Amino acid sequence: MNDTGVAARPPLAERLKQNADGVLEQIAREYAVSTFDVVQALPAEHRGRPSRALQFNRAGEAMFKVFVRRDKERNPIGAQVARFDALRVRLAGNG
């Protein structure tokens, strides 16, 4: 607990590294940041596996999310990852 009687919480990046589960919007409200800030702080792996996600947002609120499809073993499908990464570069204006 801190001086105001509120339980102390770890920094956002540390919280996500320990456990990235949760609705991004709820985590953003909990930390008083935008969902974009939460996405930026996400670790490269989720549940020990590589992960990709893209969010289109306005005013920091998630509106549309794109995730990479996974196979039966829950690993991202390689062709999907390549296409996703190319799309991310294109949308960022870097390619």
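Couple of notes before you dig in:
- Among residues of segment 3-13 being more than 11 Å from the chain's Cα centre (by Cα) and modelled with pLDDT of 70 or more, the one that is surrounded by the fewest Cβ atoms within 10 Å (Cβ to Cβ) is Ala8.
- Residue pairs whose Cβ atoms lie under 6 Å apart, sitting 6 or more positions apart in sequence or on different chains, and linking a residue in segment 69-88 that is surrounded by 12 or more Cβ atoms within 10 Å (Cβ to Cβ) to a partner that is not acidic (Asp, Glu) and not in a strand (DSSP E or B), are Pro76/Val68; Ile77/Arg69; Gln80/Val68; Gln80/Arg69; Val81/Val68; Phe84/Arg52; Phe84/Val68.
- Number of positions in segment 14-64 that are touching a strand residue (DSSP E or B) at 6+ places or on another chain (Cβ under 8 Å), at pLDDT below 80, surrounded by 13 or more Cβ atoms within 10 Å (Cβ to Cβ) and not aromatic (Phe, Trp, Tyr): 13
- Matching residues in segment 65-95 - criterion: being in a loop (DSSP other than H, G, I, E, B) and modelled with pLDDT of 70 or more: Val68, Arg69, Asp71, Lys72, Glu73, Arg74, Asn75, Ile77, Gly93
The values are calculated or read from the model by the stated rules, or taken from the named source; none is laboratory data. Being a predicted model, the structure only gives us computed values, none of them experimental. Every residue, glycine as well, gets a Cβ built from its backbone with ideal geometry; the counts of neighbours run over all protein chains shown.
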